[in-house]
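Q: Would you mind keeping the following structure in view while I ask a few things?
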Amino acid sequence: MFGLIISGRLVQTDLQQVSETQFLFNITDADNINHVVLFMTGQTPFPEGFGGAVYFSWPSTDGPSWQLLGHLTNAKPSTIFKISSLKTGGGNSFQQNMFGQQASHNAQIGISVEPLSQLAQQTPVTQANVSSVEAFVEYSRKMLENFFNFASSFAVTQSQMTPNPSETFVPISTLQKWFENFQRRLEQNPNFWRS
């Protein structure tokens, strides 16, 4: 019913059923994992009116502590969670030994099938959500750097220019100024381009 993707690894579908409504993925060598993608395979939907609460557990000397990451439902069958900041503990929504497992040297993802009304009342840890604004800013910055580097690779001095009446030239200083202004505006307001 569920699959788990970790960058650089094969899709994981080997979840354990620990009770009638609870499932568990073990994640080996989880020290360098920053994000996980959890999805429904499409073979079996949730029963009508139900969804899955998704929890994360990082091993500790006190036993597993479960942190609520978010939810999966038939209407939202996949999601990405940022887990890098959750590995040291902290956050809210801890539940000790929720899935009846002993501490291990692996991280774990637990899924608990619950009524949608109950899921709506739960609050996930805020550090688990992948920020779309942060991703957009990073993408924009990388795209602009790539464009600037590409355009600058064609730069020639005025003495190197061959006269061509059909060609238009833009001074690289103009491109540099635009690039710096765009970066400044992006830092001040990541959504400035929408206005």
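Nothing in this text is a laboratory measurement; each read-out follows from the coordinates by a stated rule. Quantities reported herein were computed from a predicted structural model and do not represent experimental measurements. Here the Cβ is made from the backbone with ideal geometry for all residues, glycine too, and neighbour counts use every protein chain on show.
Q: Taking neighbour counts of Cβ atoms within 10 Å as a proxy for exposure, in what order, fewest first, do F179, F192 appear?
A: So the residues, fewest neighbours to most, are F192, F179.
Q: Between S159 and Q17, what is 0.36 nm times their sequence separation minus the Cα-Cα distance? Round to one decimal in nm.
A: 43.8 nm
Q: Considering only C-alpha atoms, what is the centroid distance from the stretch 154-169 to the stretch 1-30, in Å?
A: The stretch 154-169 and the stretch 1-30 have Cα centres spaced 59 Å from each other.
Q: Same structure again: With each pseudo-label sitting 7 Å past Cα toward Cβ, what's the F150-V37 distance in nm, one decimal?
A: Reported label-point gap for F150 and V37 is 2.4 nm.
Q: Under a crude label model (7 Å from the Cα following the beta-carbon direction), how far is N181 from F169 in nanometres?
A: Distance between the two pseudo-spin positions: 2.2 nm.
Q: What's the ranking of 118-125, 46-53 by average number of surrounding C-beta atoms within 10 Å, highest first? All intermediate terms of the calculation are to be shown ahead of the outcome.
A: Numbers: 118-125: 13.8, 46-53: 16.8.
Top to bottom by mean Cβ count within 10 Å: 46-53, 118-125.
Q: When ranked by the protection proxy of mean other Cβ atoms within 10 Å per residue, highest first, what sequence do the peptides 25-31, 183-189 form?
A: 25-31, 183-189
Q: Would you mind ranking F154, F39 so that the residue whose beta carbon has the fewest other beta carbons within 10 Å leads the list?
A: The fewest-first ordering by Cβ neighbours comes to F154, F39.
Q: A follow-up question, please. When the chain is fully extended, how far beyond the present Cα-Cα distance does E48 get from D29, taking 0.36 nm per residue of separation?
A: Full extension from E48 to D29 adds 3.2 nm.
Q: Hey, with R₀ at 22 Å, roughly what FRET efficiency would N191 and R9 work out to, going by the Cβ-Cβ distance, to 0.05? Walk me through the numbers before you get to the answer.
A: Working: r = 34 Å, r/R0 = 1.55.
The calculated FRET efficiency here is 0.05.
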